């Protein structure tokens, strides 16, 4: 039996930025990939960015209600990793509901972590489905508070 994938175990304060400084979708993707590189996760940032952009070209990962979960699979990451943040202002992300986004989770990992990747996507989706959780994440004043909100949601 596989262990439960906890988002808070995959995140560190170095991989969360509140607020994100980007003002376009593409800049957001670059900024989030930069958080992974800065924390030693992605050995090849250009490759990580390429696979995430490729996935976005298929269908936007702006899932609605102000949330986007860009993701991709690449051997440029040795294990499953998440970077996240909240934008200062809403950003057009070609979301499925047409609304701009403010909460973004970037999820990347190798093909060998496909099962954990899907579980993490599902867990993020479940948490951000709740309006109260989305609001609490948007209201987080810093990376530590963002992670604490996620930890509380995972314990609930």
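The values are calculated or read from the model by the stated rules, or taken from the named source; none is laboratory data. Since we're looking at a predicted model, the values are computed, not measured. Note that we place each Cβ from the backbone using ideal geometry, even for glycine, and neighbour counts take in every protein chain shown.
One table, with the values for the structure above:
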{"item": "Some residue of the stretch 134-153 being in contact with a helix residue (DSSP H, G or I) (Cβ under 7 Å, 6 or more places away or on another chain), modelled with pLDDT of 95 or more, crowded, with 18+ Cβ neighbours inside 10 Å and not in a helix (DSSP H, G or I)", "result": "yes"}
{"item": "Boolean, residue 62 is under 26 Å from residue 154 (Cα atoms) and surrounded by 15 or more Cβ atoms within 10 Å (Cβ to Cβ)", "result": "yes"}
{"item": "Total residues in the stretch 19-67, condition out of contact with any helix residue (DSSP H, G or I) (no Cβ under 8 Å at 6 or more places or on another chain), part of a loop (DSSP other than H, G, I, E, B) and touching a residue at least 40 places away in the same chain (Cβ under 8 Å)", "result": "2"}
{"item": "Residues that are in a helix (DSSP H, G or I) and in contact with a helix residue (DSSP H, G or I) (Cβ under 9 Å, 6 or more places away or on another chain), drawn from the stretch 118-133", "result": "120, 123, 124, 126, 127, 128, 133"}
{"item": "Test: residue 103 is under 23 Å from residue 33 (Cα atoms) and not in a helix (DSSP H, G or I)", "result": "yes"}
{"item": "Selected residue [free of Cβ contacts under 8 Å to residues at least 24 places away in the same chain and either part of a loop (DSSP other than H, G, I, E, B) or surrounded by 22 or more Cβ atoms within 10 Å (Cβ to Cβ) (or both)] from 98, 72", "result": "98"}
